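The values are calculated or read from the model by the stated rules, or taken from the named source; none is laboratory data. What you are looking at is a predicted structure, and each value in this text was computed from that prediction instead of being measured. FYI the Cβ positions are ideal-geometry reconstructions off the backbone, even for glycines, and counts take in every protein chain you see. Areas reflect the complete protein model, heavy atoms only, side chains present, ligands, DNA and RNA absent. Shrake-Rupley method; radii C 1.70, N 1.55, O 1.52, S 1.80 Å.
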Amino acid sequence: MTSATCPDRRQTRILLPASAKEACALARYHSAPYMAGASALQLGWNKTGRWPKHVVSLNAINTLHGCHRAADHWSLGALSRLSELTRNPDLCAELPVLETALLGVGAPGIRHIATLAGNIGFAGDLLPTLLVLDARLDWLDENGADQQTLLADWLTAPPAHALITRVRLPLPQPQQHLHMEKLASRSAFNPPLLNIASSWQWQPQADLRLAAGGAGLRPRRLQACEQALAATADRPLTARTLLPLLAADLPELAEQPLLQIAANLVRAQWHGSHA
C-alpha cells in the first residue's frame, strides 16, 4: 500500500474505526496503513523521516483481540500482544514451542506492545514456528470480505490491502514433535541470523514440516527437505544428505557457513524427534 506522507509526525491524522470492515474502508479510501502496536512501523518512519498523512488505528476493535481454544484449534486474535500470549497458561502448556518462540522476540518491552499480526506482516521471528504449526489466517480483503488462507500460501503471494483478523493453530497430535531454535546476538536485540523450526510425526505416516527464517532470509517452508526426508523416513539423516536439500531450499545460504549451521540444527531436531 502506497500512502501519502508528511515530514512531521504531528501532521499524521489517526483514524479510529469501530469495526474491522470500517477499518478496511478507511484504509482503502485514504491509502493508509493499519497500526496497532506500531513497534516496527515507527522504526521505519523514524528511519526515513517521513510519516503517513493518515493511519488506521485498530486498537479499539474488540473482535481483533482475544485468545481461545476451540475443539480442534487455538484461535488467536490478530491484535493479541506477544506478552499476552505468553501469559496464557493453557496455550503455553499445549504449544510450548510457541511460548519459546514468543519469548525470543525482542525485549520484554517490545513483547508488551508488539502484536501477533504485526509480527506476521513484518516477517518477524515467529514465522518459522507458525509455519510448522500449519497456521491459517482469517483476513478481510480491501472490500471487507471475509477470507481464509494458510500462512504458507499467504507468504508466497501476500494479498494487497489485507487486514488479518485471527490466526488459527491446529491442536498438536499425540505423536507430533515440535522444535524451534534461533542463532542470534540477543544482547544487541538484533534479528536472528538463523531461525529453524520443525514438526516431525512418524506414525501413522511421515508428516514433516520444516521452516526457516532469519536476517535477510525470507521466511519459508523447506519443501525440498520435507519431501526428501518424508520419503526416506526410515534412514539415518546425514549432513551429506541434508546439505544439498538445504541449498535448494535456501539458495541465499548456499555459499555461506550458515548453511552448515542450518544442517546441524535440523539434524539436532531430527534426533530430538526420535528421542
Is it true that some residue in segment 123-137 is closer than 25 Å to Ala23 by Cα, open to solvent by 50 Å² or more (accessible area, probe 1.4 Å) and among the aliphatic types (A, V, I, L, M)?
-> yes
Any idea how many residues of segment 146-163 are open to solvent by 40 Å² or more (accessible area, probe 1.4 Å), more than 20 Å from Asp72 (Cβ to Cβ) and aliphatic (A, V, I, L, M)?
-> 2
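Yes or no, residue by residue, for (1) more than 30 Å from Gly144 (Cβ to Cβ); (2) under 15 Å from the mean Cα position of the chain (by Cα); (3) surrounded by 20 or more Cβ atoms within 10 Å (Cβ to Cβ):
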site	(1), (2), (3)
Leu169	no, yes, yes
Lys182	yes, yes, yes
Gln205	yes, no, no
Gln227	yes, no, no
Do any strands (runs of 3 or more DSSP E) lying entirely in segment 162-263 carry at least 1 residues that are of a type in the set (Lys, Arg), and which ones are they?
-> 163-170, 177-183, 207-214, 217-221
Among the candidates Glu99, Glu142, single out the residue that is in a helix (DSSP H, G or I) and either in contact with a Pro (Cβ under 7 Å, 6 or more places away or on another chain) or not β-branched (Val, Ile, Thr) (or both).
-> Glu99
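Table: residues versus (1) under 18 Å from Glu142 (Cα atoms); (2) in a helix (DSSP H, G or I); (3) at pLDDT 90 or above; (4) not hydroxyl-bearing (Ser, Thr, Tyr).
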position	(1), (2), (3), (4)
Arg10	no, yes, no, yes
Ile14	no, no, yes, yes
Pro17	yes, no, yes, yes
Lys21	yes, yes, yes, yes
Arg28	yes, yes, yes, yes
Gly37	no, no, no, yes
Ala40	no, yes, no, yes
Ser83	no, yes, yes, no
In segment 65-81, anything open to solvent by 60 Å² or more (accessible area, probe 1.4 Å) and not in a loop (DSSP other than H, G, I, E, B) is listed as His68, Arg69
Looking only at segment 102-133, count how many residues are part of a helix (DSSP H, G or I) and in contact (Cβ under 8 Å) with a residue 12 or more places away in the chain.
-> 19
If you go through segment 185-197 one residue at a time, do you hit one that is among the charged types (D, E, K, R), at pLDDT 90 or above, surrounded by fewer than 21 Cβ atoms within 10 Å (Cβ to Cβ) and within 23 Å of Phe122 (Cβ to Cβ)?
-> no
Condition set among the aliphatic types (A, V, I, L, M) and farther than 14 Å from Leu210 by Cα, scope segment 248-274, selection farthest from the chain's Cα centre (by Cα): answer is Ala254
Give Gln201, Gln175, Gln223 a once-over and let me know the one that is within 16 Å of Val266 (Cα to Cα), at pLDDT below 95 and over 15 Å from the mean Cα position of the chain (by Cα).
-> Gln201
Could you please tell me which pairs satisfy a Cβ distance under 8 Å, a separation of 6+ or placement on different chains, a first residue in segment 34-56 that is open to solvent by less than 50 Å² (accessible area, probe 1.4 Å), and a second residue that is modelled with pLDDT under 70?
-> Met35/Leu41; Trp51/Trp45; Pro52/Ser3; Pro52/Trp45; His54/Ser3
Test each condition in (1) open to solvent by less than 40 Å² (accessible area, probe 1.4 Å); (2) more than 18 Å from Asp138 (Cβ to Cβ) for Glu94 and report the one that comes out false.
-> (1)
